Amino acid sequence: MPWNARVSPELRGNWLRKMIYSIELKIIHSDILNIQLSEKADILVSEWLGPFGVAENLLYRLLATRDRWLRVGGKMLPERVTAWMAPAFDPVLDSDMFFWQSRPFGLNLEPIAQHTANEIRYSQQHLGPENLLDTPKPMWSTDLYAFTTEDAKRPFRSSQSFVCGRESLMNSVVVWFDAEFAGGILLACGPGAARNHWGSTVCPLERPVQTGPGTEIRIDFACEVDDTPGRSFSNWSVWVEGQLMERHNTRDSIY
Ligand SMILES: C[S@@+](CC[C@H](N)C(=O)[O-])C[C@H]1O[C@@H](n2cnc3c(N)ncnc32)[C@H](O)[C@@H]1O
């Protein structure tokens, strides 16, 4: 079946259904690094994506499996994953922070706001382009055929500059990924994309920053994977007009 946009969704669906029902599934309960197969694989399909491509610390294991078990010319699904960032105003975060900072019931709950600002909100939020202060920029792009296992263990870093297009508060850095599959199929998760399981991920600021048309914003973002499977730590710094506003690190979060 030619897997392109000219094939109707019905035809694709019928073909997929037939294919899936004819497949004999064998489930191997094992760390993927320890699997033994009788022959090399034609396709390696994996949902290793996390909120922005690398935070679930699965990439190294996936690529080591590729090097060991994918036949020459075999297919990776997805083939390329690009992580994006943009400065944003998230009204849900604003309302949460306001609550912790407003002495609810006469209690000082500021420490919760401080901890919240070091926690990435993996809340699969569905923000729109209207929440962004400038056009998104790519953080990094991972070619699943060419990326090396050594690089998968190094920190993923990006520094990008933005110019605010309008008057707005900024209270977050929003990050997400787009995944590309063969045949031009794109799984897009950013603000404005069709709703799906992933959506946008919000890295908070403790206090909103007032910006206006022409305000220069720089964001430094890094994700460091750990030797512990599944674990990673991220940090983000926001500079406005050359001045550091806030720096946060998930290492400083409550857990
Ligand atoms: C993001 S989840 C995707 C789960 C499932 N495919 C889905 O879409 O709901 C990643 C999966 O990888 C599995 N995983 C993590 N490390 C693994 C490893 N070393 N070997 C095999 N599987 C692993 C996790 O248990 C988890 O089920």
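Could you tell me how many degrees, from 0 to 90 and to the nearest 10, lie between the Cα long axis of helix 9-22 and the main elongation axis, the longest principal axis, of the Cα atoms of the chain? Helix 9-22 and the main axis of the chain meet at about 60 degrees.
Annotation: lysines with alpha-carbon distance below 30 angstrom to Lys137 (same-chain offsets under eight excluded): Lys75, Lys153. Relative contact order, whole percent, for segment 41-252 stands at 27, derived from Cα pairs under 8 Å and 6 or more residues apart.
The dipole here belongs to segment 179-239: it is taken about the Cα centre, uses +1 on the Cβ of Lys and Arg and -1 on the Cβ of Asp and Glu, and is about 280 debye.
Listed by chain and number, the aspartates and glutamates whose alpha-carbon sits under 13 Å from that of Lys18, ignoring those within fewer than 8 places in the same chain, are Glu10. Extension gain for Leu107-Gln210 works out to 34.4 nm (0.36 nm per residue, less the C-alpha to C-alpha distance). On the basis of the beta-carbon distance and an R0 of 25 Å, Ile185 and Trp69 show a calculated FRET efficiency of 0.60.
Angle of helix 91-101 to the longest C-alpha principal axis of the chain, folded into 0 to 90 degrees and rounded to 10: 50°. From least to most packed, judged by other beta carbons within 10 angstrom and beginning with the fewest, Phe181, Phe156 follow the order Phe181, Phe156.
If you take all other residues with their beta carbon under 13 Å from the beta carbon of Leu11, and give Lys and Arg +1 and Asp and Glu -1, the sum is +3.
Ordering of 169-179, 48-58 by packing is 169-179, 48-58, highest average first (other Cβ atoms within 10 Å, averaged per residue). Just so you know, the Rg over Rh for segment 41-252 is 1.01, from Cα atoms, with Rh as the Kirkwood radius. Between the beta carbons of Ser30 and Asn249, assuming R0 = 51 Å, the FRET efficiency works out to 0.90 to the nearest 0.05.
Calculated mean residue ellipticity at 222 nm for the chain: -5500 deg cm²/dmol, from DSSP H runs with n ≥ 4 weighted as -39500 (n - 2.57), summed, divided by the residue count and rounded to 500.
Bear in mind these aren't lab numbers, they're just calculated from the coordinates by the rules spelled out. Just so it is clear, the structure is predicted and the values come from calculations on it, not from any experiment. Cβ: placed from backbone, ideal geometry, glycine included. Neighbour counts: every protein chain shown.
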